[in-house]
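A.B. asks: I have a structure I would like to understand better, so I am pasting it below and will then ask my questions one at a time.
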Amino acid sequence: AIAGCTGADETVPVVEKVTIIDVKYIVGIDGEYPPYSYIDKDGNPTGFDVESIKWIADKKGFDVEIQPMAWDGIIPALQAGKIDMVYSGMTITDERLEKVNFSKPYWVANQAVAVRADSEITLDDYKAGKVVCGAQRGSTAAEWIETNLIKTELMPEDNLKLYDNFPLAVSDLENKRIDAAMYDTPVVKDIIAEKDDVVMLGTIQTDEEYGIAVRKDDVRLLNALNDGLDMLMADPYWKELIEKYKLA
Ligand code: ARG
């Protein structure tokens, strides 16, 4: 606190700094990222992030349209103006910050490694680059493998198989085309929850912060989203969402 201003925080009235009216923003998501963003059995996009942005849009007075698309091209689509934000469990990374801006973090996640239930692979084998593994193209999991296993020459490049989404990697795991698959822990848990042939071998702590990505020049939207996230995270609805999507 600034000297002489102690306690000022409590007395300043809370104002909604940015209200946007009559604008529709297109929200890019990967529809294969449960529980954050996915397509429900009726074909509608839903999930923790999708419900969050609908709530924020409602409070801030703008409309949203949810646009499922390929993860690998999602930042170029944002830069090209095909979508206005990415709200789909995107980790804030230095590399991405060169291209886009991010809201304040709203979640922290680590990586998990999935293997077949009858596998004898250990987490140490995985970390030593001894197994053929799969990851989503353009994900921080793929980046982790490249940085920690390939660039260090622990693992030959060919042992990393890239997929458009994680469920595709899991089917290759089940079909024994790969022996492990890496992805954000909450999503691995969700996707393997109903499977008895795939288990989580362990996690690797990466402390990734998720943020909403917007174009660098879209300061008005960024401010509205940051205000909206503050409001959401202070509202009982935030806890409801966390429970509903089993993120606690
Ligand atoms: N958090 C990881 C990343 O940012 C994986 C995100 C994948 N998100 C998705 N919607 N497919 O790269």
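The values are calculated or read from the model by the stated rules, or taken from the named source; none is laboratory data. Computed from a predicted structure; not experimentally measured. Glycine also receives a Cβ, built like all others from the backbone with ideal geometry; neighbour counts cover every protein chain displayed. Surface accessibility is based on the protein's heavy atoms, side chains included, excluding ligands, DNA and RNA. Shrake-Rupley method; radii C 1.70, N 1.55, O 1.52, S 1.80 Å.
A.B. asks: Using bins 10 angstrom wide from zero, how does P(r) for the chain break down, in % of all Cα pairs?
C.D. replies: Calculated over all Cα pairs of the chain, the distribution is 7, 29, 32, 20, 9, 3, 0 percent.
A.B. asks: By the scheme Lys and Arg +1, Asp and Glu -1, what is the net charge of all other residues having a beta-carbon under 11 Å from that of Thr93?
C.D. replies: Around Thr93, the charge tally is -4.
A.B. asks: While we're on this one: Students often forget the sequence filter, so: which lysines lie under 19 Å Cα-Cα from Lys104 once same-chain residues fewer than 8 apart are removed?
C.D. replies: Counting by Cα, and skipping residues close in sequence, Lys104 has these lysines nearby: Lys17, Lys54, Lys59, Lys60, Lys216, Lys239.
A.B. asks: Taking the Cα centroid of segment 47-111 and of segment 166-233, what is the distance between the two, rounded to the nearest whole Å?
C.D. replies: The distance from the Cα centre of segment 47-111 to that of segment 166-233 comes to 13 Å.
A.B. asks: How much accessible surface does Arg215 have with a 1.4 Å probe, in Å² rounded to 10?
C.D. replies: 50
A.B. asks: Something else now. Subtract the Cα-Cα distance of Asn223 and Asp42 from 0.36 nm times their separation in residues, and report this length gain in nm to one decimal.
C.D. replies: Gain on stretching Asn223 to Asp42: 61.8 nm.
A.B. asks: Which residues does a label at Thr147 reach in segment 126-140, if reach means a backbone N under 13 Å from a point 7 Å past the Cα toward the Cβ?
C.D. replies: 139-140
A.B. asks: Could you work out the equivalent-ellipsoid semi-axes for segment 109-208, taking the square root of 5 times each eigenvalue of the Cα gyration tensor, largest first, in whole Å?
C.D. replies: Here the semi-axes work out to 18, 15, 13 Å.
A.B. asks: Using only helices, what value at 222 nm comes out for the chain when you add -39,500 (n - 2.57) per DSSP H run of length 4 or more and divide by the total residues, to the nearest 500 deg cm²/dmol?
C.D. replies: Value at 222 nm, helices only: -8500 deg cm²/dmol.
A.B. asks: If you split all Cα-Cα distances of segment 25-70 into 5 Å bins from zero, what percentages do you get per bin, shortest first?
C.D. replies: 6, 24, 33, 24, 11, 3
A.B. asks: Something else about it: Scanning the chain for GluC sites (Glu not before Pro) in DSSP loops with at most 13 other Cβ atoms within 10 Å, what's the longest stretch left with none?
C.D. replies: Answer from the scan: 17-97.
A.B. asks: Among bridges DSSP assigns within the chain, what percent are antiparallel (round to 5)?
C.D. replies: Counting only bridges with both partners in the chain, antiparallel ones make up about 60 percent.
A.B. asks: Next question. How much net charge surrounds Ile150 when only the other residues with a Cβ under 14 Å from the Cβ of Ile150 are counted, with Lys and Arg +1 and Asp and Glu -1?
C.D. replies: Details: positive: Lys127, Lys130, Lys151, Lys161; negative: Glu143, Glu146, Glu153, Glu157, Asp158.
Neighbourhood net charge equals -1.
A.B. asks: Which net charge results for the neighbourhood of Val214, defined as the other residues with beta-carbon distances under 13 angstrom from its beta-carbon, given Lys and Arg at +1 and Asp and Glu at -1?
C.D. replies: Charge balance near Val214 sits at +3.
A.B. asks: A follow-up question, please. With label points built 7 Å along Cα→Cβ from the Cα atoms of Ala234 and Ala80, find their separation and express it in nm.
C.D. replies: Going by the 7 Å Cα→Cβ label model, 4.0 nm.
A.B. asks: So, one more: Where in segment 176-213 does the label zone of Ala248 land, with the point 7 angstrom along Cα→C-beta and an amide N cut-off under 13 Å?
C.D. replies: In segment 176-213, the label zone of Ala248 (backbone N under 13 Å from the point 7 Å along Cα→Cβ) covers no residue.
A.B. asks: Might you work out the accessible area of Lys130 for me, using a 1.4 Å probe with all protein chains in place, and round it to the nearest 10 Å²?
C.D. replies: So the heavy atoms of Lys130 present about 150 Å² to solvent.
A.B. asks: Please enumerate, by chain and number, the lysines with C-alpha under 18 Å from the C-alpha of Lys176, excluding those fewer than 8 residues away in the same chain.
C.D. replies: In chain and number order, the partners are Lys130, Lys161, Lys195.
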